[in-house]
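Peer 1: Take a look at this one; I'll ask things after.
The values are calculated or read from the model by the stated rules, or taken from the named source; none is laboratory data. Note that the coordinates shown come from a computational prediction; the quantities given were computed from them, not determined experimentally. Backbone-built Cβ (ideal geometry, glycine too); neighbour counts: all protein chains shown. Just so you know, the surface numbers come from the protein's heavy atoms only, side chains and all, with ligands and any DNA or RNA stripped out. Shrake-Rupley method; radii C 1.70, N 1.55, O 1.52, S 1.80 Å.
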Amino acid sequence: MTKINHTPDEMMTIAAARELKDGQICFVGIGLPSAAANLARLSHAPEIVLIYESGTLDTKPDILPLSIGDPELSESALTNESVPEMFRFWLQGGHINLGFLGGAQIDRFANINSTVIGNYSEPKVRLPGAGGAPEIATHCGEIFVIIRQSKRSFVEKVDFITSFGHGEGKNHRKRLGIDTKGPTKIITDLCIMEPEPDSFELIVTSIHSGVSREEISQSTGWEIRFANNINTTKAPSNIELGALRALQNRSLEATFLSKN
Amino acid sequence: MAKITDLKEAISESVIDGQTIALEGFTHLIPFAAGHEIIRQGKLDLTLIRMTPDIIYDQMIGMGCAKKLIFGWAGNPGVGSLHRFRDALENGWPKPLEIEEHSHAAMANAFDAGASGLPLAIFQGYKGVDLEKLNDKIKYITCPFSEQKLVAIPSIRPDVTIIHAQKSDQKGNVLIEGITGVQKEAVLAATCSIVTVEEIVEDLEATANSIIIPSWALNFVAEVPHGAYPSYAYGYYGRDNKFYTNWDKISRDREKFKSWVDINILKK
């Protein structure tokens, strides 16, 4: 047995960062997507362009922002655009090839819920809502999703479709006149899933080092299937772990130890 | 020309119970001081519009100022829920809250259309999502040229818009820098507008492409240093992320919330 010296969250963030490449123009959600995107930029993808919906274009924060419009994002950006321009010119105009989202729930066809658990008019838990996600999900060339995996978050059918993934599967996006790819990779703390060609149902394509198939099945709210040619996600290297921990430590310090 | 006055007068002369008002500022330059003045003046039955309600609307909702909220994303950024908003929605405390929910793209387009004097905003969006089934303001229009199906929503035209900015000159011309959100659009879409500024200066020292709202497009300008705190003002002070994190604890409990408001807003 090799000793595991990383947490599942670290594995997830590092696995997601590895999927990002130089040359991508990436629309970044706050929280987990932002951590992975900045880890990629500070390590193997220094030329990746990160855009946040606050209008901060090509931003290079040294610490992780708490909010979508922190001073760190604004001050390190190439420029700050107004929010209408952000959505109209840059997103709707088709300049962004990758959207990177999180969410509270995701279903077998990668539809995302960040609005409500339970009924909309009588919510069990009211979540923040849509923000930029519905249009990010259809206007970016493709979508990556990063989300912790459990039976509560990976459900047969989401309580509310905040952002459209592959709908009911097959050619549902095309039928709605959406010509972008939608979710192509779902990165969790246990594995990576991708939509199966033709059916567009999510299947596991890579299992994180040290994780079993049973764990994945037990953490999924439907009968999850595994690809025939399945990969193992390599455990984080010391360099990757060091870069992520340094980023997270200086971000925490900036938030909680600063004198305002 | 804008009237240069103090915050108390700007609010009492413009905000009337039952109006539709927008306090804008996207994470940056949120007009907290103005929101607090509205709470102090006990305004009621307001329809509040904001892309991200943030802590300021959590406070106004918790103090019973709002009957309706039009919004896109109602969370405490990076922290979690807006508990006063949720308590109003889930339990009707201190009073029931009606909601009209949109995506951010929709709201940005609707402010832009309002500022442009249009009755509606047209854009591509809401494809395949459930909001579209629940919000009866989301409709469709066919492009007469391409026959594409496009989303149509009413433009936003608030009775009053309030924003915060870095500075104005003695005439009331206002300079905004950094993340500018939908502030300019929200001001130009409104019947009446108030801008609070960090300082009133002799010379704005603006460059040729600076974002300036001319005095003659505004109604009131008031100097309110630190008026965006605990959000931030680029060039003046940073965002107090520690306060945003602490708000979770303060706002979770009704009594704790009320005593915080009492000390930090009502008695100020």
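Peer 1: Mind grabbing the base-10 log of I(q)/I(0) for segment B:166-226 at q = 0.26 Å⁻¹? Debye formula, identical points on the C-alpha positions, no solvent, two decimal places.
Peer 2: The calculated log intensity ratios at q = 0.26 Å⁻¹ are -1.23.
Peer 1: Taking amide H positions as placed in the peptide plane 1.01 Å from N, state which residues far from residue B:3 in sequence (5 or more) or on other chains have amide H under 5 Å from it.
Peer 2: B:220, B:221
Peer 1: Let me ask something else. Return the percentage of antiparallel bridges among DSSP beta bridges fully within segment A:8-249, rounded to the nearest 5 %. Could the numbers behind the result be given before it?
Peer 2: Working: 17 of 38 bridges.
Around 45 percent of the beta bridges assigned by DSSP in segment A:8-249 are antiparallel ones.
Peer 1: Taking 0.36 nm per residue of separation and subtracting the Cα-Cα distance, what length does fully extending residue A:234 through residue A:218 add?
Peer 2: In short, 3.6 nm is gained.
Peer 1: Looking at the calculated P(r) for chain A, what percent of the C-alpha pair distances fall above 31 Å? List each step's numbers first, then the result.
Peer 2: On the way: 7857 of 33670 pairs.
So the portion of pairs separated by more than 31 Å is 23 percent.
Peer 1: On to the next question. Ignoring ligands, DNA and RNA, what percent of the accessible area of chain B is carbon or sulfur (1.4 Å)? The partial results should precede the final answer.
Peer 2: Details: 5120 of 10260 Å².
Taking all protein chains in place, chain B shows 50 percent carbon and sulfur surface.
Peer 1: For residue A:120 paired with residue A:150, estimate the spin-label separation in nm (one decimal), with each label point 7 Å from Cα along the Cα-to-Cβ line.
Peer 2: Label at residue A:120, label at residue A:150, 2.6 nm between them.
Peer 1: Okay, next question. Taking the alpha-carbon set of segment A:173-248, what are its Rg and Dmax in Å?
Peer 2: Final numbers for Rg and Dmax: 15.3, 46 Å.
Peer 1: Determine how many Å³ per residue the convex hull of the Cα atoms of segment B:7-123 encloses. Write down the numbers at each step before the final one.
Peer 2: Working: hull volume 12.9 nm³, N = 117.
Output value, Cα hull per residue: 110 Å³.
Peer 1: From the backbone phi of segment A:90-106, what are the Karplus-calculated ³J(HN,Hα) couplings (6.51 cos²θ - 1.76 cosθ + 1.60, θ = phi - 60°) in whole Hz, Gly and Pro given as x?
Peer 2: Using θ = phi - 60°, the values come out as 7, 7, 4, x, x, 8, 10, 9, 9, x, 10, 10, x, x, 8, 9, 9 Hz.
Peer 1: Starting from the Kirkwood radius over alpha-carbon pairs of segment B:104-154, derive D by Stokes-Einstein at 4 °C in a medium of 1.567 mPa s and give it in µm² s⁻¹. Provide the component values of the computation, followed by the final result.
Peer 2: Details: Rh = 11.3 Å.
Reported coefficient: 114 µm²/s.
Peer 1: Among the DSSP beta bridges whose two residues both lie in the protein assembly as shown, what percent are antiparallel, rounded to the nearest 5? Kindly include the intermediate steps, with their values, before the conclusion.
Peer 2: On the way: 33 of 86 bridges.
Of those bridges, close to 40 percent are antiparallel.
Peer 1: Once every DSSP H run of n ≥ 4 in chain B is given -39500 (n - 2.57) and the sum is divided by its residues, what mean residue ellipticity at 222 nm do you get, rounded to the nearest 500 deg cm²/dmol? Numbers along the way, then the final one.
Peer 2: Numbers: 9 runs with 78 residues, N = 268.
That calculation yields -8000 deg cm²/dmol at 222 nm.
Peer 1: Also: Rank A:64, B:104, A:231 by how far each Cα sits towards the positive end of the charge dipole of the protein assembly as shown (+1 on Lys, Arg Cβ; -1 on Asp, Glu Cβ) and give me just the farthest.
Peer 2: A:231
Peer 1: Using only the Cα atoms of the protein assembly as shown, what are the Rg and Dmax in Å?
Peer 2: When restricted to the Cα atoms of the protein assembly as shown, Rg and Dmax are 22.9, 76 Å.
Peer 1: Looking at chain B, I'd like the Rg to Rh ratio, where Rg is from alpha-carbon atoms and Rh is Kirkwood's inverse mean 1/r.
Peer 2: Values: Rg = 18.4 Å, Rh = 18.9 Å.
That ratio is 0.97, to two decimals.
Peer 1: Under a Cβ-only charge scheme (Lys and Arg +1, Asp and Glu -1), can you give me the dipole magnitude of chain B about the Cα centre, in debye to the nearest 20? It would help to have the intermediate numbers written out before the result.
Peer 2: Working: 28 positive and 34 negative charges, 138 e Å.
It works out to roughly 660 debye.
Peer 1: Could you compute the net charge surrounding residue A:176? Neighbours are other residues with a C-beta less than 15 Å from the C-beta of residue A:176; K and R count +1, D and E count -1.
Peer 2: Numbers: positive: A:170, A:173, A:174, A:175, A:181, B:127, B:133, B:149; negative: A:135, A:168, A:179, B:130, B:132.
In short, +3.
Peer 1: In deg cm²/dmol and to the nearest 500, what is the mean residue ellipticity at 222 nm of chain A if only DSSP H runs of at least 4 residues count, each as -39500 (n - 2.57), divided by the residue total?
Peer 2: Numbers: 7 runs with 63 residues, N = 260.
Computed mean residue ellipticity for chain A: -7000 deg cm²/dmol.
Peer 1: Using only protein heavy atoms and a 1.4 Å probe, how much accessible area in total is buried between B and A, to the nearest 100 Å²?
Peer 2: What B and A bury together is about 3900 Å².
Peer 1: Okay, moving on. Counting only GluC sites (Glu not before Pro) that sit in a DSSP loop (anything but H, G, I, E, B) with at most 13 other Cβ atoms within 10 Å, what is the longest stretch of chain B containing none of them? Intermediate values should be presented prior to the final figure.
Peer 2: On the way: sites that count: B:147, B:202, B:205.
For GluC sites (Glu not before Pro) (loop position, at most 13 other Cβ atoms within 10 Å), the longest site-free span of chain B is B:1-146.
Peer 1: Starting from the Cα coordinates of segment B:153-268, work out the convex hull volume and express it per residue in Å³. Spell out each step's value before the answer.
Peer 2: Working: hull volume 17.5 nm³, N = 116.
Enclosed volume per residue, from the Cα hull, is 151 Å³.
Peer 1: For segment B:215-268 and segment A:149-189, what is the centre-to-centre distance using only Cα atoms, to the nearest Å?
Peer 2: Using only Cα atoms, the two centres lie 38 Å from each other.
Peer 1: Could you size up the charge dipole of the protein assembly as shown around its Cα centre, putting +1 on the beta carbon of Lys and Arg and -1 on that of Asp and Glu, and report it in debye to the nearest 20? Please list the in-between numbers first.
Peer 2: Working: 53 positive and 65 negative charges, 220 e Å.
In total the dipole reaches around 1060 debye.
Peer 1: Looking only at chain B, where both bridge partners belong to it, what percent of the DSSP beta bridges are antiparallel (to the nearest 5)? Working shown, then result.
Peer 2: Values: 16 of 48 bridges.
Bridges in chain B that DSSP calls antiparallel: roughly 35 percent.
Peer 1: Give me the 1.4 Å probe accessible area per residue for chain B, excluding ligands and nucleic acids, in Å². Working shown, then result.
Peer 2: Working: 10260 Å² over 268 residues.
Solvent-accessible surface per residue comes out at 38 Å².
Peer 1: Considering only protein heavy atoms, what per residue accessible area in square angstrom results for chain A with a 1.4 angstrom probe?
Peer 2: Details: 11080 Å² over 260 residues.
Spelled out: the 1.4 Å probe surface of chain A, per residue, equals 43 Å².
Peer 1: Another question, if that's okay. When the Cα centres of segment B:67-91 and segment B:158-198 are compared, how far apart do they sit, in Å?
Peer 2: Each part reduced to its Cα centre gives a spacing of 25 Å.
Peer 1: Related question: Please compute, for peptide A:60-66, the average count of beta-carbon atoms on other protein chains lying within 10 Å of each residue's beta-carbon.
Peer 2: Working: counts 0, 0, 0, 0, 1, 5, 10.
The per-residue average across the peptide is 2.
Peer 1: Place a +1 charge on the Cβ of each Lys and Arg in segment A:8-249 and a -1 charge on the Cβ of each Asp and Glu, then give the dipole magnitude about the Cα centre in debye, rounded to the nearest 20.
Peer 2: Numbers: 22 positive and 30 negative charges, 102 e Å.
Here the size comes out at about 480 debye.
Peer 1: Between B:122, B:99, B:141, where does the largest GNM mean-square fluctuation fall for chain B, given springs only between Cα atoms within less than 10 Å?
Peer 2: B:141
Peer 1: Stokes-Einstein at 20 °C, 1.002 mPa s, Kirkwood radius from Cα pairs: D for segment B:142-191 in µm² s⁻¹?
Peer 2: Working: Rh = 13.7 Å.
It diffuses with D of about 156 µm²/s by this estimate.
Peer 1: If I compute solvent accessible area with a 1.4 Å probe over the protein chains, what percent of it on segment A:8-249 is carbon and sulfur? Before the final figure, lay out each step's value.
Peer 2: Values: 4630 of 9350 Å².
Of the solvent-accessible surface of segment A:8-249, carbon and sulfur hold 49 percent.
Peer 1: Percentage of Cα-Cα pair distances in segment A:1-116 greater than 24 Å, rounded to whole percent?
Peer 2: On the way: 1874 of 6670 pairs.
The proportion of pairs with Cα distances above 24 Å equals 28 percent.
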